[in-house]
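Everything below concerns the one structure shown next.
The values are calculated or read from the model by the stated rules, or taken from the named source; none is laboratory data. Please read all numbers here as calculations on a predicted model, not as lab measurements. Note that each Cβ is placed from the backbone with ideal geometry, even for glycine, and that neighbours are counted across all protein chains shown. Just the protein is used for accessible areas: all its heavy atoms, side chains included, with ligands, DNA and RNA removed. Shrake-Rupley method; radii C 1.70, N 1.55, O 1.52, S 1.80 Å.
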Amino acid sequence: MRRLAQRVKDAFKEVIRKAGSIAKWTRGKKQAVRSKIAVQEKVTQPRFYREPKREVQKIDKPQQLPTGYGKDKIVLRVRDPYWIYAYWEITESTWEKLRRETPSLDEKTKIILRVYDTTDTIFDGSNAHSFFDIVVNSFANNWHIETKTPARSWCVDLGLLLPDNRFLTIVRSNIVSTPIAGPSCINDQEWMVTEDMFARLYGVGVGASPVKRGKPIFLPDSKQVIPD
Amino acid sequence: MNKGYLCLILHSHLPYVRHPEHEKFLEERWLYEAITETYIPLIRVFEGLLRDNVDFRMTLSLSPTLLSMFSDSLLQERYLKHINNLIELASKETERTRWQPEFNQLAHMYLEIFKRAKETFLRYQKNLINAFKYFQDIGNLEIITSAATHGYFPLMEATKPSVRAQLKVACQHYKESFGRDPKGIWLPECGYQPGDDQLLKDEGINYFFVDAHGLLHGQPRPKYGAFAPVYCKSGVACFGRDLESSKQVWSSIEGYPGDYFYRDFYRDIGFDLDLEYIKDYIHLDGARIATGIKYYRITAATNDKQVYIPSRATDKAAEHAGNFIFNRQKQIEYLYDFLQKKPIIVSPYDAELFGHWWFEGPQWLDFLIRKLYFDQDIIKMVTPSEYLRENPRHQKVSPSFSSWGWKGYSEVWLQGTNDWIYRHLDEASERMTELVKFHPQASGLLKRALNQALRELLLSQSSDWAFIMATGTHVDYAVLRTKQHLLRFNRLFEEIKGNSIDEHWLSEIEYRDNIFANIDYRVHQ
């Protein structure tokens, strides 16, 4: 016990010594020293308590997953026919560069996700069928996006909407395709199936489906409508 | 006259829960309970059928993580301890309940079950792979594989090298376990991402399954709905799950397992008896957990449970098996007239439903198979391979993205509770690809580190972790496992890049995360 107390004392001294070498005391640095001491205390603490129930991490250095990996990127995932998910990371240096190089950037500038419908195109940034914007804040690093229309391809730019309405792309995502939300309109020549027969098969098949949507209404021209 | 086929599939999977660092570890019990309550009862059903010359057909998927635990000597020894402990407890129970005949009968039933489990376990040299392999080799079972650690493919779309690694490691492990290549695969969570069929083809896999809407929303429209397989572009066959038969077994409301005469899952002596009496049979720190000895029947939607009567439950299981067959016959006759073709009804279930959740499930299966075999000829039991041999011609259709999870897509594994994992999983996957590129021919310590990096990556990709986070029980454990494997991976990555591999630490994590002894890191590309 005494040895332990001595070690804590020594550790404390060590922290103070290191802190002392910092010429100028600032509030932030004091905080840093305090937290260092707190860490020291935490390291020695468990000895005073009974063993934690589950110390699985013992052999691993105690650490958390990194908050970022130092890459500018945005990645899309498909959740279902109506929703996609985006996560992103913009490094601090990229933000700084943007601040430096964009004179018109001010507090009115918005960080937005621009969601492009790129279905059946080779997307070049300007040939999307349509797009919509979602305003996000600088603390967000992921977003669940409701795309509403199934069976489309989507690409998302994370960028800045400047006060003069110009859009500045920071990063562009991969392209994903959402699935169809009902049966296909395409019928096979060789394996033709009549509307009536397929409607019955679909009813038999989807009657107990986990897909919580209404049964499709079959229209004469083969275009189906899925009621909400 | 035979008018259609029934393809029963049991998907058996548990995440890799092996914790040598602790003498007793709560989550390891998932495996022990499933061995006693599901896998061994299933094996005993198969043995009984064989003894009585019932030529049955069933498809069983055994996930590589589960197979790895079956063959792990540490877990084998621990299971023996576990079952011995249960035998001891059940013996005590036969004493304690001596003057309560209705409970005493049940205590003897459990004692018998546990003794039989031990006997079966030892008879297969403590390795249940031996049992399943036997039934495959004599032609009754078709064992298929699943992804190496049950990674959910639709959410790995951006990291295909990991999908390839999940498949290659799984196939390699299957071959080591069963001495042949797998013919089919159960895609984890029935999750199909269009295009993945080609990756299956690359591994020599002939067929997989999707949920009904995966086929029904396929393009072009499938002529026979979900009642015949289709060929994907790659030529791999895709079967669709039948929802009607699924619901009859699965549904907690309309399904068989909810019958009031069946045994109640939740009432367990681990919670009911005095702590002093039960303390040696529950968790080390005195936390109350289920022991497996349960004396009550479901009774009704009430907490006032009545005592379980095995003979009544057995009658129910027989009745339900009869009902299932009756419904399948009606379904098949209707479809046969309607389609002018023999339909195939594909009925997949989680194996752990049988015996673990639904205590009478193995009995039901036993009655079902016997009745199908002896009492009727409308339905023929079939394995997918057998069916494809008999019926080689099928429509070409591209199935749609789908899963058998809640709402039919990926929401279970991608929602507020678990979406944070994907940035880390993606990064780790990209890093692994980078390592493989930089070290095409590693040897010695470097090779060990690279192989271990792939083990950690695969373990972090188990769909179980995201699933558990979404369901809200055991969340801490799922978060811990995700982080732990990713942190170990990241450290290996740094050490490999910095040419500073800590051999002592590497040995330690090789010992702890010892899955897939013969893994080759180069499959990740």
- Elements of type helices (runs of 4 or more DSSP H) contained in the range B:5-105, each with 2 or more residues being under 30 Å from B:D377 (Cα atoms): B:40-51
- Message: For the range B:497-512, give me the residue count where each residue is closer than 17 Å to B:S460 by Cβ and either open to solvent by 10 Å² or more (accessible area, probe 1.4 Å) or of a type in the set (S, T, N, Q) (or both).
- Response: 2
- Query: Of all the helices (runs of 4 or more DSSP H) wholly in the range B:457-514, which have at least 2 residues that are closer than 26 Å to B:H13 by Cβ and among the small types (G, A, S)?
  - Reply: B:463-471
- Message: So B:Q248 ticks every box in (1) part of a loop (DSSP other than H, G, I, E, B); (2) closer than 28 Å to B:W406 by Cα; (3) at pLDDT below 90; (4) touching a helix residue (DSSP H, G or I) at 6+ places or on another chain (Cβ under 8 Å) but one. Which box is left unticked?
- Response: (1)
- Note on the structure: Within the range A:79-132, the residues that are in contact with a Pro (Cβ under 9 Å, 6 or more places away or on another chain) and at pLDDT 95 or above are A:D80, A:P81, A:Y82
- Does B:T97 satisfy being open to solvent by less than 40 Å² (accessible area, probe 1.4 Å) and within 23 Å of the chain's Cα centre (by Cα)? no
- Note on the structure: B:T299 vs (1) open to solvent by less than 40 Å² (accessible area, probe 1.4 Å); (2) more than 30 Å from A:E195 (Cβ to Cβ); (3) out of contact with any Lys or Arg (no Cβ under 6 Å at 6 or more places or on another chain): all pass except (3)
- Filtering the range B:382-424 for residues that are assigned to a strand (DSSP E or B) and either at the interface with another protein chain (Cβ under 8 Å from one of its Cβ atoms) or not polar (S, T, N, Q) (or both) leaves a count of 2
- Message: Quick check on the range B:214-228. Is at least one of its residues open to solvent by 10 Å² or more (accessible area, probe 1.4 Å), at pLDDT 95 or above, of a type in the set (F, W, Y) and outside any helix (DSSP H, G or I)?
- Response: yes
- Query: B:Q461 fails exactly one of the following numbered conditions: (1) open to solvent by less than 10 Å² (accessible area, probe 1.4 Å); (2) touching a Leu at 6+ places or on another chain (Cβ under 7 Å); (3) more than 10 Å from chain A (Cβ to nearest Cβ). What is the number of that condition?
  - Reply: (1)
- Expected single match for under 20 Å from B:I143 (Cα atoms), in a strand (DSSP E or B) and without any contact (Cβ under 8 Å) to a residue 60 or more places away in the chain among B:F208, B:F239 is B:F208
- Message: Kindly evaluate B:L200 against the criterion of being in a helix (DSSP H, G or I), out of contact with any Lys or Arg (no Cβ under 9 Å at 6 or more places or on another chain) and either open to solvent by less than 10 Å² (accessible area, probe 1.4 Å) or of a type in the set (V, I, T) (or both).
- Response: yes
- Query: Failed condition for B:W357, given (1) more than 30 Å from A:V193 (Cβ to Cβ); (2) modelled with pLDDT of 95 or more; (3) among the hydrophobic types (A, V, I, L, M, F, W, C); (4) open to solvent by 10 Å² or more (accessible area, probe 1.4 Å), with all others met?
  - Reply: (2)
- Item | Single condition B:A321 does not satisfy, out of (1) more than 14 Å from chain A (Cβ to nearest Cβ); (2) part of a loop (DSSP other than H, G, I, E, B); (3) without any contact (Cβ under 8 Å) to a residue 60 or more places away in the chain | (2)
- Message: Condition check: of a type in the set (A, V, I, L, M, F, W, C), part of a helix (DSSP H, G or I), away from chain A (no Cβ under 14 Å) and under 17 Å from B:A228 (Cβ atoms). Does B:L368 satisfy that?
- Response: no
- Please go through the range B:432-454 and pick out each residue that is crowded, with 20+ Cβ neighbours inside 10 Å and within 14 Å of chain A (Cβ to nearest Cβ). B:M432, B:Q452
- Mind listing whichever residues of the range A:131-153 are in a strand (DSSP E or B), away from chain B (no Cβ under 13 Å) and either more than 26 Å from B:F401 (Cβ to Cβ) or open to solvent by less than 10 Å² (accessible area, probe 1.4 Å) (or both)? A:D133, A:V135, A:V136
- Query: Just checking, which of B:E176, B:E119, B:E189 is over 25 Å from B:R297 (Cα atoms), open to solvent by 20 Å² or more (accessible area, probe 1.4 Å), in a helix (DSSP H, G or I) and within 14 Å of chain A (Cβ to nearest Cβ)?
  - Reply: B:E189
- How about the range A:61-130: which strands (runs of 3 or more DSSP E) wholly inside it have at least 2 residues that are of a type in the set (S, T, Y)? A:83-89
- Restricting attention to the range B:229-256, the residues that are open to solvent by 30 Å² or more (accessible area, probe 1.4 Å), away from every other protein chain (no Cβ under 11 Å) and touching a Gly at 6+ places or on another chain (Cβ under 7 Å) number exactly 1
- Scan (1) of a type in the set (G, A, S); (2) farther than 27 Å from B:S429 by Cα; (3) touching a residue at least 12 places away in the same chain (Cβ under 8 Å) for the single condition A:A86 breaks and write down its number. (2)
- Task: Look through the range B:122-159, keep the residues that are assigned to a helix (DSSP H, G or I) and touching a Gly at 6+ places or on another chain (Cβ under 6 Å), and return whichever of them is surrounded by the fewest Cβ atoms within 10 Å (Cβ to Cβ).
- Result: B:F153
- Query: Could you list, in sequence order, the residues of the range B:261-284 that are assigned to a loop (DSSP other than H, G, I, E, B) and surrounded by 15 or more Cβ atoms within 10 Å (Cβ to Cβ)?
  - Reply: B:F261, B:Y262, B:D264, B:F265, B:R267, B:D268, B:L273, B:I282, B:H283
- Query: So which of B:K380, B:K447 ends up being modelled with pLDDT of 95 or more, basic (K, R) and farther than 23 Å from B:F208 by Cβ?
  - Reply: B:K447
- Item | Number of the exception - B:W30 against (1) within 22 Å of B:E352 (Cβ to Cβ); (2) touching a Pro at 6+ places or on another chain (Cβ under 9 Å); (3) touching a residue at least 40 places away in the same chain (Cβ under 8 Å); (4) surrounded by fewer than 22 Cβ atoms within 10 Å (Cβ to Cβ) | (3)
- From (1) crowded, with 22+ Cβ neighbours inside 10 Å; (2) out of contact with any Asp or Glu (no Cβ under 7 Å at 6 or more places or on another chain); (3) not charged (D, E, K, R), pick out the condition that doesn't hold for B:I293. (2)
- Tally time: how many residues in the range B:46-63 are open to solvent by less than 10 Å² (accessible area, probe 1.4 Å) and out of contact with any Cys (no Cβ under 7 Å at 6 or more places or on another chain)? 10
